[in-house]
Structures are given as C-alpha cells and as structure tokens.
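Visitor: Pasting a structure here, questions to come.
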Amino acid sequence: MTQKITPSTALLLLVPPLLWAGNAVVGRVVNDLIPPITLNFFRWGIALLLLLPLGYSVFRRGSGLWADRKRYALLGLLGVGLFNTLQYMALHTSTPINVTLVGASMPVWMLLVGLLFFRVRIAMLQIVGAGLSITGVLVVLGQGDWRQLLQLHFVAGDIFMIVATIIWAFYSWLLIQPSRSDHLRANWAAFLLAQVSFGVVWSGGFAAGEWAWTDASIQWGWPLAAALLYVAVGPAIVAFRCWGMGVQRVGPTTAGFFNNLTPLFAALMSAAFLGESPHIYHAVAFALIVSGIVLSSRL
C-alpha cells in the first residue's frame, strides 16, 4: 500500500535524480582522462566490492542466483554492461543536458517495448503522452531548429543515448518478470549484487575490446580517483537504495515524476561546473517530455 509524499519521502526521491545528473556531468568531465567503456568497468567493479559486505549471501548455495543465472546474466548485460557503457560513450560527443533529456523519454520506450514484446496494451492517453515526449526529444536532437531534423544532423552521442534508453526499457520489463529467485528482492543489496556480478564480467569484456582495438589510455590522478569513487558510490549504490525505498512508499508512478528532474539538475550542474549554459530549446524540450509523462501516468 502506498503512502502520501512526506518530506522524508520527497528527500529520498530527490536524491537519485540529483546523483544521476551528477553522473552525467562527471562522465563529461573525465572523458579526456579515461575511455568510456573502461570508466563503466571501473565504476561497477568498485560498486561490486562495496556491495559484497552487504549482499554476499547471494553467493551461498540455495540463494537462487545460480539456478537463475541466465536471467541475471541477461539483466547484467543490459543494465550494467550496455546501458551505462552507451551513456558514457554518449557523453563524449553530447552534453549532459542533452543526454539526460533524451534519457527522459524512457517512459515512451517502456510503452513501446511493453506493447511489442510483452503484449501490454497502451491507452489513448498514453499515446498522446508518448507523442509529447517524443516531440521533446526531437527538439533536443534538432537543437530547437526543425530544419536540422530534415537534414538529419544527429550528434552521435544523442543516438547512443536513444539506443541506451531502448536497452533500459527491455531491462526494466525483464526485471519485473516472475522468476524462481524473486525472494532475492527482499534484500536490495543481494538483488543488485546478483546483477552487478554478471554485469562486471560483461563490462570487463567490453573494456578489453576497447583496449585491444583503440588507442585507449588512462590519465591517473586524484580527479579521476574522486570521479570513480563518486560514480560507484552515488549513482550506482546510494541512488538505487533511495529510489527503491521511495518507490516502496509512494509507488512507481508517483516516483517516476521525480526521475524527470534529472535533466533540470544536469542543466544546473552543467552551467555551474562545465560552463555549458542551457538554451531555450532545452526548457521547451523539458516541458514537453514532462507533460507527456504526466499525461501517460494519469492512468
């Protein structure tokens, strides 16, 4: 049973979008210090070490992890290995504002993937909301000029982020499918660790390919060390925990509105730390995306 939003619940749900916006800004800051796929590998490798004391029971015999290993291997591939890798790759050619705004179209892809692959019907109100959100994304991709869309001047990072959002939609639908190991959800650390343990293997393989096929290099120093610690602790662990607690209190629909604060926080952080001031079309896109999601969620 969900509860009304209290100040403590609102604080819980404000933490994740703030940390996720910081993740986008940090990913942009360190793009000259570490390759994007390697960054993702180190991020989740550190998160794995931090989660071990909290969720080590998942590796015990009879926990359900090994019996359901194909499920967690797939979840780790989509959620840890691919989504985050593509997000960091997107930040090499796109701005944190653009990346988070495109990512805010996530509910649209949720609807489409649910309809096409999981046979979940879509209501007319949700179609209208999806149309508004897609329009917002097109505003970002065209940088406020519809003529750019006609010329197909897409930034590579924006395309990476669109692919990432589609992958996350598949991940989210698979996440709620019933399985033999649903009891693991009772322990958030064990449930996350089950996915991360496989995801680190996937991301490690991708990072190895990055080093084999590119001229990858790392510029070690305190700035990079601090960035790695932040993306591993904040967006990966703290945000996940706060989001889970908030969703349990008010439900996923209400919590989803807070997620759309991520682009706003990213815009403020980009202006403060990167000198990348937001434009009018960013505000228009944000309004369209939020309006679409509000309409879709009214059901």
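Visitor: Filter the range 19-35 down to the residues that are at pLDDT below 95 and farther than 19 Å from A272 by Cα and list them by number.
Guide: D32
For (1) touching a Pro at 6+ places or on another chain (Cβ under 7 Å); (2) of a type outside the set (D, E), each residue gets a yes or a no:
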site	(1), (2)
A73	no, yes
Y88	yes, yes
V102	no, yes
W109	no, yes
L112	no, yes
F117	no, yes
V120	no, yes
A123	no, yes
D145	no, no
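Visitor: Which condition does S172 not pass, out of (1) of a type outside the set (V, I, T); (2) surrounded by fewer than 20 Cβ atoms within 10 Å (Cβ to Cβ); (3) modelled with pLDDT of 90 or more, if it passes all the others?
Guide: Exception for S172: condition (3).
Visitor: Being at pLDDT 85 or above and among the aromatic types (F, W, Y) is the filter; apply it to the range 82-115 and report the residue that is farthest from L268 (Cα to Cα).
Guide: F83
Visitor: Check whether at least one residue in the range 179-188 is modelled with pLDDT of 80 or more, under 20 Å from the mean Cα position of the chain (by Cα) and crowded, with 17+ Cβ neighbours inside 10 Å, and report yes or no.
Guide: Scanning the range 179-188, I find at least one residue that is modelled with pLDDT of 80 or more, under 20 Å from the mean Cα position of the chain (by Cα) and crowded, with 17+ Cβ neighbours inside 10 Å, so the answer is yes.
Visitor: Here is a check on your reading of the model: is F258 under 21 Å from Q87 (Cβ atoms), aromatic (F, W, Y), touching a Phe, Trp or Tyr at 6+ places or on another chain (Cβ under 7 Å) and buried (at least 19 other Cβ atoms within 10 Å of the Cβ)?
Guide: So F258 does not fit the description; no.
Visitor: Report yes if some residue within the range 81-98 is out of contact with any helix residue (DSSP H, G or I) (no Cβ under 7 Å at 6 or more places or on another chain), in a helix (DSSP H, G or I) and more than 29 Å from N187 (Cβ to Cβ); otherwise report no.
Guide: no
Visitor: Does V108 meet the test of being within 17 Å of A239 (Cα to Cα), of a type outside the set (D, E) and in contact (Cβ under 8 Å) with a residue 24 or more places away in the chain?
Guide: Working: within 17 Å of A239 (Cα to Cα): no; of a type outside the set (D, E): yes; in contact (Cβ under 8 Å) with a residue 24 or more places away in the chain: yes.
No, not satisfied.
Visitor: With respect to V231, determine if the residue is within 30 Å of Y72 (Cβ to Cβ), in contact (Cβ under 8 Å) with a residue 60 or more places away in the chain and out of contact with any helix residue (DSSP H, G or I) (no Cβ under 7 Å at 6 or more places or on another chain).
Guide: So V231 does not fit the description; no.
For every residue, the table says whether it meets (1) within 22 Å of L175 (Cβ to Cβ); (2) modelled with pLDDT of 90 or more; (3) over 17 Å from the mean Cα position of the chain (by Cα); (4) part of a loop (DSSP other than H, G, I, E, B).
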position: P17; (1), (2), (3), (4): yes, no, no, no
position: T38; (1), (2), (3), (4): no, yes, yes, no
position: S63; (1), (2), (3), (4): yes, no, yes, yes
position: Y72; (1), (2), (3), (4): yes, yes, yes, no
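Visitor: Another question, if that's okay. Considering (1) under 16 Å from L74 (Cα atoms); (2) at pLDDT below 95; (3) out of contact with any Lys or Arg (no Cβ under 7 Å at 6 or more places or on another chain), say which one T214 fails and leave the rest.
Guide: If we test T214 against (1) under 16 Å from L74 (Cα atoms); (2) at pLDDT below 95; (3) out of contact with any Lys or Arg (no Cβ under 7 Å at 6 or more places or on another chain), just (1) comes out false.
Visitor: Here is a further query. Would you confirm, using the coordinates I've provided, whether S57 is touching a helix residue (DSSP H, G or I) at 6+ places or on another chain (Cβ under 8 Å) and crowded, with 16+ Cβ neighbours inside 10 Å?
Guide: no
Visitor: Among the listed residues L138, L78, which satisfies the condition of being under 21 Å from the mean Cα position of the chain (by Cα), farther than 27 Å from A189 by Cα, aliphatic (A, V, I, L, M) and part of a helix (DSSP H, G or I)?
Guide: Only one candidate qualifies: L138.
Visitor: If R28 passes every condition in (1) part of a helix (DSSP H, G or I); (2) of a type in the set (D, E, K, R); (3) surrounded by fewer than 22 Cβ atoms within 10 Å (Cβ to Cβ) but one, which one does it miss?
Guide: So the condition that R28 fails would be (3).
Visitor: Mind checking which pairs have a first residue in the range 40-62 that is at negative phi and of a type in the set (V, I, T) and a second that is part of a helix (DSSP H, G or I) and at pLDDT below 90, Cβ under 7 Å, 6 or more apart or different chains?
Guide: Sorted first by the residue in the range 40-62, then by its partner, the pairs are V58/L184.
The values are calculated or read from the model by the stated rules, or taken from the named source; none is laboratory data. It should be emphasised that the depicted structure is a prediction, and the values quoted were computed from it without experimental measurement. Heads up, the Cβs are rebuilt from the backbone with ideal geometry, glycines too, and the neighbour counts pull from every protein chain shown.
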